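Please treat every number below as a calculation from the coordinates, not as lab data. Keep in mind the model is a prediction, meaning the values are calculated, not measured. Positions of Cβ are generated from backbone atoms using ideal geometry, with glycine treated the same way; all protein chains shown enter the neighbour counts.
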Amino acid sequence: MITLYGFGRIFRQGIGETKDLRIEWALQETGLPYRVHGLDHTAGELDSPAYSKISPFHQAPVIDDDGFIVAESGAAVLYIAEKAGRLIPSDFQGRIRVTQWCLAALNTVEPPLALIALGDTAGMTDEGRAQWIKLANRFFDGLERRLDGREWIACAEFTVADILLATVLRDIRKTDLMASYPRLKEFYARALARPAWERTLDLYAKRLGVPVADIC
């Protein structure tokens, strides 16, 4: 059985922002059996010697599949898809296409959005925010073109690339940065309307002891 090392306790401002959400979403979509080991971030559990043996950078999430450890959320969701034979095509080129869009979500789209979200919390200058928004818009332009006539980002069917892109877009859910990108907005709403995501939010909220409304 897969063990998901996620958050059981975290500082208030981090609730709803953690990357174990994307892994549990993939697990809920595939139906693979799993359990969650909730880590106490506030008590320094991620820095413990025991956890450092499975997480080289002292980060969560990590999955342990009967002794096979996978760190990094992108690698973990791809592992889950390959193991389940779901959320990823069976042909080689199809799998590479999904991998391409997984990497695009994490390596291209996510960095400026994460910085905007962090800056909005920490107090970024208007000039600094404008620079990151300009870069985000450049990437949104590409996503908007890609979604022309498509429901999902990589393939005709929903895949783990959509999970990663949708959770990356959550970084800016409290802003209006997608307002000028109707296809991207529709993609985001379509992804988060999936029952597996709703179950994931419910389980996460119960684990962290907060109302679901506080993390949406």
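Projected onto its three principal axes, the C-alpha set of the range 139-216 covers 40, 27, 15 Å, listed from the longest axis down.
With the convex hull drawn over the C-alpha atoms of the range 77-126, the volume per residue is 81 Å³.
Treating each Cα of the range 92-193 as an identical point scatterer and summing with the Debye formula, the log10 of I(q)/I(0) at q = 0.13, 0.15, 0.16, 0.19 Å⁻¹ comes to -0.44, -0.58, -0.65, -0.90.
Considering helices alone, the calculated mean residue ellipticity of the chain at 222 nm is -15500 deg cm²/dmol, with DSSP H runs of length four and up weighted by -39500 (n - 2.57) and normalised per residue.
Computed about the Cα centre, the dipole magnitude for the range 116-184 is approximately 40 debye when only Lys and Arg (+1) and Asp and Glu (-1) carry charge, each at its Cβ. Cβ-Cβ distance of R145 and Q59, R₀ of 41 Å, FRET efficiency by 1/(1 + (r/R0)^6): the value works out to about 0.80.
The range 154-216 and the range 1-76 have Cα centres separated by 19 Å. Both radii were evaluated on the Cα set of the chain; the Rg over Rh quotient, with Rh as the Kirkwood radius, amounts to 0.95.
Stokes-Einstein diffusion for the range 1-98, with the hydrodynamic radius set to the Kirkwood value over Cα pairs and evaluated at 25 °C in a medium of 0.890 mPa s, equals 175 µm²/s. Amide H contacts for L39 (H built 1.01 Å from N in the peptide plane; partners 5 or more residues away or on another chain; cut-off under 5 Å): G6, F7, G8, R9.
Ordering M1, M178 from the fewest to the most neighbouring beta carbons within 10 Å gives M1, M178.
For the chain, modelled as a GNM whose springs connect Cα atoms under 10 angstrom apart, the maximal fluctuation among D64, D47, D176 occurs at D176.
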